[in-house]
Amino acid sequence: MPIKKSAIKALRQTKTRTLRNLKVKRNVKDLVKQSNKLIEAKEATAVEKVKVAIKSIDKAVQKKILKKNTGARKKSRLMKKLNKVAK
């Protein structure tokens, strides 16, 4: 356990940020899963769900919760699946 006041505060901040980041990552993961499910079922609402998922991925990348390449890869895979079904 930290002894200095600043170290205690830093630990507290780290815990808070970690929880916030995990919540965002969980949200991205859930949206990607839902999008994939709709794409596989060939639902009409898949396009809107993919847009929402891409938006949340972009926000996570912008806040540096996800790395840039990870975000790009996730978006690319989603769009690839969506375009495959659209043809």
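What pairs from Lys15/Lys75; Lys23/Lys84; Lys37/Lys75; Lys64/Lys84 go past 27 Å between their alpha carbons?
Details: Lys15/Lys75 29 Å; Lys23/Lys84 30 Å; Lys37/Lys75 15 Å; Lys64/Lys84 30 Å.
Table pairs above 27 Å Cα-Cα are Lys15/Lys75; Lys23/Lys84; Lys64/Lys84.
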Q | Between 0 and 90°, nearest 10: helix 46-62 axis offset from the chain longest Cα axis | A | 30 degrees
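Give me the Kirkwood hydrodynamic radius of the chain, using the inverse of the mean 1/r over all pairs of distinct Cα atoms, in Å to one decimal.
In the chain this quantity evaluates to 14.5 Å.
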**Q.** Calculated from backbone phi, Karplus (6.51, -1.76, 1.60) coupling profile of the stretch 64-81 in Hz, x at Gly/Pro
**A.** 6, 7, 10, 6, 4, 5, 5, x, 5, 5, 4, 5, 4, 5, 4, 5, 4, 5
Q. Which residue, chosen from Ile65, Gln34, Ile8, occupies the Cα position most advanced towards the positive end of the dipole of the stretch 5-86, where the dipole is computed from +1 (Lys, Arg) and -1 (Asp, Glu) charges on Cβ about the Cα centre?
A. Ile8
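Just how large is the dipole of the stretch 5-86 about the Cα centre, in debye to the nearest 20, putting +1 at every Lys and Arg Cβ and -1 at every Asp and Glu Cβ? Walk me through the numbers on the way to the answer.
Working: 28 positive and 5 negative charges, 118 e Å.
Result for the stretch 5-86 is approximately 560 debye, rounded to the nearest 20.
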Q | Semi-axes of the equivalent ellipsoid for the stretch 36-87, Cα gyration tensor, largest first, Å | A | 22, 11, 7
Q: Measure nothing but the geometry: give the 0 to 90° angle between the long axis through the Cα atoms of 5-40 and the longest principal axis through the Cα atoms of the chain, rounded to 10°.
A: 10 degrees
Q: Could you order peptides 42-52, 25-35 by the average number of other Cβ atoms within 10 Å of their residues, highest first?
A: 25-35, 42-52
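No value in this document is a laboratory result; all are computed from the given coordinates. Model, not experiment: these values are computed from the prediction. Note that we place each Cβ from the backbone using ideal geometry, even for glycine, and neighbour counts take in every protein chain shown.
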